[in-house]
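Please treat every number below as a calculation from the coordinates, not as lab data. Please read these numbers as outputs of a predicted model, since none were measured by experiment. As a convention, Cβ positions derive from the backbone with ideal geometry for all residues, glycine included, and neighbour counts pool all protein chains shown.
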Amino acid sequence: METMQGRVAVVTGAASGIGKALALGFAGEGANVVLADIEEGPLREAEAEVASHGVDALGVITNVADADSVGALAQATIDRFGAVHMVCNNAGVGGGGLIRNQQLVDWKWVVDVCLWGVIHGVHHFLPHLIEAEDSHIVSTASVAGLMSVPGLGPYNAAKYGVVAIMETLHLELQRDKNADVGVSVLCPGVVRTNIATAQRNRPEELRRQRRERPTGKARTETADARRRNANIAAALERGMDPSEVAAKVIEAMYERRFWVLSHPELLADVNHRNQQLANLENPTVRASFTDAEQ
Ligand SMILES: NC(=O)c1ccc[n+]([C@@H]2O[C@H](COP(=O)([O-])OP(=O)(O)OC[C@H]3O[C@@H](n4cnc5c(N)ncnc54)[C@H](O)[C@@H]3O)[C@@H](O)[C@H]2O)c1
């Protein structure tokens, strides 16, 4: 991408963490920013912070799990700015737990937000990006989209899907003479954000279905899940600052680079997985890898 100055960026999940850092990063490059999020209070605060950089900011309450809501976001962007040049499908939620303890509502929530959220973003924004020229789309996956982390089943599944969508899109657009759209996938390691409290955004309907009073074995499993989540929260506290991640994404957009890894050192774990595949060996976790189980 030649320049972001005066252009229009859309970021989902922009009220917090990596999304907010991306929105501020685009503002720093002189771009106008559409901030989309499901949480109204933090969204309004982020909108004001972005606007304080002297660019136009528009906050739009959006549920990325809902196709119509993302369609309305695209329309609101075009109505206000007439075009869109950068799109970050970034909103996501996560929750730890062994697959054998997951309920269908747990799968549904994570897959709806993390995978369908990206599908909706690609579907509704790609035509505008193709029209705009020298545009770029990036979706936030995870290192958990490149290797399967024990204790994160639904999240791994959704993030592998995000990597597959973006890789496919990149390959398709490479061959398309009529499209001038860069594609990237962001695969962060551990970043210091609010994702440990992602449950705050679980829809009431799915929350109600999950409410049950555990007894006996289920109570022990709940305690295990609590320990696992506490470990994840502690690791996030020590994680990378989101502004560093945003800077890497923006650099990749300028350079039209597909892979964006916040922690390239984690490729050793990804390569361990890929090498086992190449050798047709059964999967094991690399000895040095710290997963949500530890
Ligand atoms: N923090 C990490 O260590 C890490 C690592 C790998 C990947 N990621 C990914 O980074 C992305 C951003 O997460 P984060 O870590 O900044 O977390 P965060 O909780 O700080 O921010 C996520 C934002 O998404 C919003 N959101 C949640 N559900 C939504 C919905 N249905 N519609 C619209 N917005 C919604 C939240 O309100 C929040 O503002 C996610 O896709 C996450 O999976 C994070």
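Residue-wise test of (1) without any contact (Cβ under 8 Å) to a residue 60 or more places away in the chain; (2) not in a helix (DSSP H, G or I).
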{"position": "Val70", "(1), (2)": "yes, no"}
{"position": "Leu73", "(1), (2)": "no, no"}
{"position": "Ala76", "(1), (2)": "yes, no"}
{"position": "Asp79", "(1), (2)": "yes, no"}
{"position": "Val84", "(1), (2)": "no, yes"}
{"position": "Cys88", "(1), (2)": "no, yes"}
{"position": "Ala91", "(1), (2)": "no, yes"}
{"position": "Gly94", "(1), (2)": "no, yes"}
(Q) For the range 169-215: of the residues being within 15 Å of Leu146 (Cα to Cα) and of a type outside the set (A, V, I, L, M), which is farthest from the ligand (Cβ to nearest atom)? (A) Ser184
Q.
Yes or no: the range 91-103 includes at least one residue that is closer than 23 Å to Val183 by Cβ, under 21 Å from the mean Cα position of the chain (by Cα) and either more than 11 Å from the ligand (Cβ to nearest atom) or of a type outside the set (Phe, Trp, Tyr) (or both).
A. yes
Q. Considering only the range 133-165, how many residues are within 27 Å of Thr3 (Cα to Cα) and aliphatic (A, V, I, L, M)?
A. 6
Q) What tally of residues in the range 132-159 results from selecting those that are aliphatic (A, V, I, L, M), in contact with a strand residue (DSSP E or B) (Cβ under 8 Å, 6 or more places away or on another chain) and under 18 Å from His120 (Cβ atoms)? A) 3
Q. Taking the range 68-77 as the search range and keeping residues that are in contact with a strand residue (DSSP E or B) (Cβ under 7 Å, 6 or more places away or on another chain) and either of a type in the set (A, V, I, L, M) or within 13 Å of the ligand (Cβ to nearest atom) (or both), which one is farthest from Ala91 (Cα to Cα)?
A. Ala76
Q. Does the range 43-54 hold any residues that are crowded, with 20+ Cβ neighbours inside 10 Å and more than 21 Å from His124 (Cβ to Cβ), and which are they?
A. Ala46, Val50
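This table checks each residue for (1) free of Cβ contacts under 8 Å to residues at least 60 places away in the same chain; (2) assigned to a loop (DSSP other than H, G, I, E, B); (3) not hydroxyl-bearing (Ser, Thr, Tyr).
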residue	(1), (2), (3)
Val110	yes, no, yes
Gly117	no, no, yes
Phe125	no, no, yes
Ser139	yes, no, no
Ala144	yes, no, yes
Val149	no, yes, yes
Asn156	yes, no, yes
Thr168	yes, no, no
Gly182	no, no, yes
Q. Any idea which of Val183, Val113 is buried (at least 19 other Cβ atoms within 10 Å of the Cβ) and within 20 Å of Met1 (Cα to Cα)?
A. Val183
Q) Pick from the range 249-267 the residues that are surrounded by 19 or more Cβ atoms within 10 Å (Cβ to Cβ) and not polar (S, T, N, Q): which of them is nearest to Glu29 (Cα to Cα)? A) Ile250
